[in-house]
Amino acid sequence: MRWSKSNSTRSGIALILVLFIVAVISIVIVSFTFSSNVNVRIARNYRDDLKARYGLESGLIYARKLLLKDPSTHDSLNDIWNTPHPSETGLEPTEHKLSLSLGESDIPVEIEIEITDESSKINVNELLTNNDTVNTQRKEELANLITLLGGKPETISRLIDWLDKNTIGTYETGAKNKKLDTLNEIGLIKDIDKELLYGKSQKGTEEFSFVRADDGFENKKGLIDFLTIHSGNKVNVNTVSLEVLTAILDDSKSAKSIIDARSKKPFEDLADLKSVAGLTNTLYKKITPRLTVKSSIFSARITARAGRIKKKVTGVLKRNKRSVDIIFLTE
């Protein structure tokens, strides 16, 4: 049979039409598949986001439960809120952080809880009294702490000018002239030393220690890690860091002796300090009005992970006799 030229043309057109239709159908299928995958991922992310949010709420509830469960008349780093026993809590302590999993699905919620005693820090807002005058004791303590961290003396003046209500001072440019609402506000102070404030980051195997490394300061924390705006005017001698205690006492040897003594047995009463080796009676009388063995304000940092979603929240908790209330919450 002989094909005419018109038949060949019609066959070519038909083939093109078939290919075009196949291409359109393929595009529709690919588009539908892509859209379905996107919708599935959106649904998964929404599910995991919801799980993580519930995980944060569960973590806060658990943190409050741990604080309320602590029956002792004094607070120390040996308490259940800081180093829980797995057999009692079902949690796994890792570097003073509590970890647990919720849910039996293939995407469980991983929750990490870190509770810190706010009374282990120096309240930076107390640098100014209610009458807007400088609190000389806090100024001295903060100056000592800044020196230990390798900071410059002018940092104190920058803090004072930021906090005080007047506009007279060397560092008043852009100053808030009010007390801090959050610690992160310190980072807004003009020309504040960010390395001093947040600590020096490690690069590779490079190690960093404080200037006075011979006193045992080995962590890489910054000034902000030793400050608070929530505690009262007393520091808990059982939870205070070596750095803060040294700044308060202005005596590194006595501070080290106190830390060593409490590691063997927490102080149940301030009078127990009298038995610390090397602590003079004069120094004891000087520092006891500044110290306590009982705390009521704690911060709880909660991290919740579900799938690829990770959420964090920090709550400031106030412990009363029968309840633990949330007084500040930020994500």
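None of the figures in this text is laboratory data; all of them are computed from the coordinates on show. Note that this is a predicted model, so its numbers are computed, not measured. FYI the Cβ positions are ideal-geometry reconstructions off the backbone, even for glycines, and counts take in every protein chain you see.
Can you list the HN-Hα couplings for the range 12-22, worked out from phi with the Karplus curve (6.51, -1.76, 1.60; θ = phi - 60°), rounded to whole Hz and with x for Gly and Pro?
Per-residue couplings from phi come out as x, 5, 4, 5, 5, 4, 4, 4, 5, 5, 4 Hz.
Would you mind checking LYS65/LYS139; LYS179/LYS294; LYS178/LYS285; LYS139/LYS294; LYS51/LYS121 for any pair whose Cα atoms are more than 29 angstrom apart?
As for pairs spanning more than 29 Å Cα to Cα, those are LYS65/LYS139; LYS178/LYS285; LYS51/LYS121.
Just to verify a number: FRET efficiency for THR147 and THR73, C-beta to C-beta distance, R0 = 35 Å, to 0.05?
Step by step, r from the Cβ atoms, then E = 0.50.
First select every other residue whose beta carbon is under 13 angstrom from the beta carbon of TYR284; then total the charges, Lys and Arg +1, Asp and Glu -1.
+1
Using +1 on the beta carbon of Lys and Arg, -1 on that of Asp and Glu, and nothing else charged, what's the dipole of the range 242-331 about the Cα centre, debye to 20?
That gives a dipole near 520 debye.
Excluding VAL313 itself, calculate the net charge of residues whose Cβ lies under 11 Å from the Cβ of VAL313, where each Lys or Arg counts +1 and each Asp or Glu counts -1.
Computed value for this residue: +2.
Quick one: net charge around LYS190, please, counting Lys, Arg +1 and Asp, Glu -1 for every other residue with C-beta under 10 Å from its C-beta.
Neighbour charge sum, excluding LYS190 itself: -2.
With the crude spin-label approximation of a point 7 Å out along Cα→Cβ, what separation in nm comes out for ARG290 versus ASN130?
2.3
List every residue whose amide H lies under 5 Å from the amide H of HIS74, counting only residues 5 or more places away in sequence or on a different chain, with H placed 1.01 Å from N in the peptide plane.
Those qualifying (amide H under 5 Å, at least 5 residues apart or on another chain) number zero.
Using the per-residue mean of other Cβ atoms lying within 10 Å as a proxy for protection, in what order, highest first, do the peptides 229-240, 23-34 fall? If you can, show how the numbers build up before the last one.
Details: 229-240: 21.5, 23-34: 10.0.
Answer by packing, highest mean first, reads 229-240, 23-34.
Run the paramagnetic zone check for THR182: 7 angstrom along Cα to Cβ, then residues of the range 297-331 with backbone nitrogen under 20 Å.
298-304, 310-318, 326-331
Sticking to Cα atoms, compute the Rg of the range 213-314 to one decimal and its Dmax as the biggest Cα-Cα distance, whole number, in Å.
Spelled out, the Cα radius of gyration and Dmax of the range 213-314 are 16.5, 57 Å.
If the only charges are +1 at each Lys and Arg Cβ and -1 at each Asp and Glu Cβ, what is the size of the charge dipole of the range 115-161 around the Cα centre, to the nearest 20 debye?
The dipole magnitude comes to about 160 debye.
Expected output is a single nm value to one decimal: the length gained when fully extending between THR282 and ILE61, i.e. 0.36 nm times separation in residues minus the C-alpha distance. What is it?
Contour length minus Cα-Cα distance gives 75.2 nm.
Quick one: what are the phi-derived ³J(HN,Hα) couplings along the range 177-182, Karplus 6.51/-1.76/1.60 with θ = phi - 60°, whole Hz, x for glycine and proline?
Those phi angles translate into 6, 8, 5, 5, 9, 9 Hz.
Taking amide hydrogens as modeled 1.01 Å from N in the peptide plane, which residues meet the under 5 Å criterion relative to ASN135, leaving out close sequence neighbours?
LEU128, THR129
Could you go through the range 40-52 in sequence order and give the Karplus-derived ³J(HN,Hα) for each residue, using 6.51 cos²θ - 1.76 cosθ + 1.60 with θ = phi - 60°, rounded to whole Hz, and x for Gly and Pro?
After applying 6.51 cos²θ - 1.76 cosθ + 1.60, I find 5, 5, 4, 5, 5, 4, 5, 4, 5, 4, 5, 4, 5 Hz.
Which of ILE168, THR182, LEU197 sits closest to the plus end of the dipole of the range 130-206, meaning its Cα is farthest towards the positive end, when Lys and Arg get +1 and Asp and Glu get -1 on the C-beta?
Going by the charge dipole, the pick is THR182.
Order these by the 10 Å Cβ neighbour count, fewest first: PHE267, PHE20.
PHE20, PHE267
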